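J.: The structure that follows is given in the form of structure tokens.
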Amino acid sequence: MGDARTVSLLICDDHKILTDALSMVVKLDPELEMVAPPVHTAEEAVDLAEQHLPDVVLMDIVFKSGGISGIDATRKIKEASPSTKVVIMTAHDDERLLVEAVEAGASGFLSKDEAADEVLSAAKAAADGEVLIDPGTLTRLLAQVAREREEQRDAMRLLNDLTEREREILQLLAQGMRNDDIATRLFISRNTVKFHVAAIYQRLGVSNRVQAAHALESLRTHT
């Protein structure tokens with residue numbers, strides 16, 4: 001037992017009750033050692049990880065203060081210390097965030113609803129190289145995000161196909177403005193507006209202004 005490896009640990013979460021509970025359990029576990037007291041912003045975690053190169057960082061995703069997210073911090077930590085395992089602690093079920101965390105280098109996820117001893121057992125497992133996410137779930141999430149990113153690329157191509165004037169007119173169409181009003185607003189003729197509107201419909205594959213407005217909203221959603 002004297003030769004057992006001690007896992008060095010850094011905890012970063014802006015919920016003090018959670019970090020206090022985890023710290024208390026760490027003090028009772030001879031296999032774990034805190035490199036510093038828990039921190040409550042992602043920036044602090046990056047700084048301490050660069051200084052101490054811990055085996056594992058338990059990292060929140062969303063912080064109430066600070067300029068970067070837990071995903072950004074994960075990427076920075078992995079750049080500074082590739083051997084450090086980052087485990088995301090989250091109360092969020094946004095699957096895109098989880099995929100972004102994996103892409104940033106996270107080794108897995110834990111729910112904040114887990115008991116403290118279970119969280120720290122998972123930290124030890126991560127230190128030993130285990131990936132704390134079901135492979136089937138990860139495959140599904142990666143496929144879903146790949147589809148969404150392809151839709152984003154398609155949306156960007158559609159927007160880029162529109163001229164600056166067409167994008168301007170499309171915005172006004174989406175606001176419910178009539179052709180005469182658009183012509184007055186832009187100091188162009190009504191026939192010029194009609195010409196641009198026809199071109200917009202053709203490029204977006206729609207046939208009326210309601211569909212054009214809906215298409216614009218979809219493009220905004222995917223960009």
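The values are calculated or read from the model by the stated rules, or taken from the named source; none is laboratory data. Because the structure is predicted, anything quoted here is derived from the model rather than measured. Note: ideal-geometry Cβ built from the backbone for every residue, glycine included; neighbour counts use all protein chains shown.
J.: Please find, within region 178-192, the residue that is surrounded by the fewest Cβ atoms within 10 Å (Cβ to Cβ) out of those that are assigned to a loop (DSSP other than H, G, I, E, B) and on the phi < 0 side of the Ramachandran plot. Steps first, please.
T.: Let us first name the residues in region 178-192 that are assigned to a loop (DSSP other than H, G, I, E, B), namely 178, 187-189.
Next, only the ones that are on the phi < 0 side of the Ramachandran plot stay: 178, 188-189.
Working: R178: 13, I188: 15, S189: 10.
Per the stated criteria, the residue is S189.
J.: May I pose another question? Out of the residues in region 31-50 meeting the condition of being under 24 Å from D128 (Cβ atoms) and part of a loop (DSSP other than H, G, I, E, B), tell me which one is nearest to the chain's Cα centre (by Cα).
T.: P38
J.: Any idea which of L158, L172 is surrounded by 12 or more Cβ atoms within 10 Å (Cβ to Cβ), in a helix (DSSP H, G or I) and modelled with pLDDT under 90?
T.: Numbers: L172 fails: modelled with pLDDT under 90.
Going through L158, L172 in turn, just one is surrounded by 12 or more Cβ atoms within 10 Å (Cβ to Cβ), in a helix (DSSP H, G or I) and modelled with pLDDT under 90: L158.
J.: Now a separate question. What number goes with the only condition from (1) buried (at least 19 other Cβ atoms within 10 Å of the Cβ); (2) assigned to a helix (DSSP H, G or I) that A21 does not pass?
T.: That leaves (1) as the condition not met.
J.: While we're looking at this one, here's another question. Kindly establish whether A101 is surrounded by fewer than 16 Cβ atoms within 10 Å (Cβ to Cβ), of a type outside the set (F, W, Y) and at pLDDT below 90.
T.: Working: surrounded by fewer than 16 Cβ atoms within 10 Å (Cβ to Cβ): no; of a type outside the set (F, W, Y): yes; at pLDDT below 90: yes.
Against the criterion (surrounded by fewer than 16 Cβ atoms within 10 Å (Cβ to Cβ), of a type outside the set (F, W, Y) and at pLDDT below 90), A101 does not qualify.
J.: On to the next question. Being of a type outside the set (F, W, Y), in contact (Cβ under 8 Å) with a residue 40 or more places away in the chain and within 19 Å of V119 (Cβ to Cβ) is the filter here, so list the residues in region 36-85 that pass it.
T.: P54, D55, V56, V57, L58, M59, D60, I61, G70, A73, K85
J.: In this structure, does D72 turn out to be within 16 Å of the chain's Cα centre (by Cα), at pLDDT 85 or above and over 21 Å from E33 (Cα atoms)? Reasoning before the result, please.
T.: On the way: within 16 Å of the chain's Cα centre (by Cα): yes; at pLDDT 85 or above: yes; over 21 Å from E33 (Cα atoms): yes.
Answer is yes for this residue.
J.: Still on this structure, please answer the following. For region 95-126, how many residues are outside any helix (DSSP H, G or I) and either touching a residue at least 40 places away in the same chain (Cβ under 8 Å) or among the small types (G, A, S) (or both)?
T.: Within region 95-126, the first condition is being outside any helix (DSSP H, G or I), and the residues that meet it are 105-115.
Still in the running and either touching a residue at least 40 places away in the same chain (Cβ under 8 Å) or among the small types (G, A, S) (or both): 105-108, 110-112, 115.
The total comes to 8.
J.: Still on this structure: Here is a list: E50, E114. Which entry is modelled with pLDDT of 90 or more, surrounded by fewer than 20 Cβ atoms within 10 Å (Cβ to Cβ), touching a helix residue (DSSP H, G or I) at 6+ places or on another chain (Cβ under 8 Å) and among the charged types (D, E, K, R)? Please lay out each step first, then the result.
T.: Values: E114 fails: modelled with pLDDT of 90 or more.
Within the list E50, E114, the selection yields E50.
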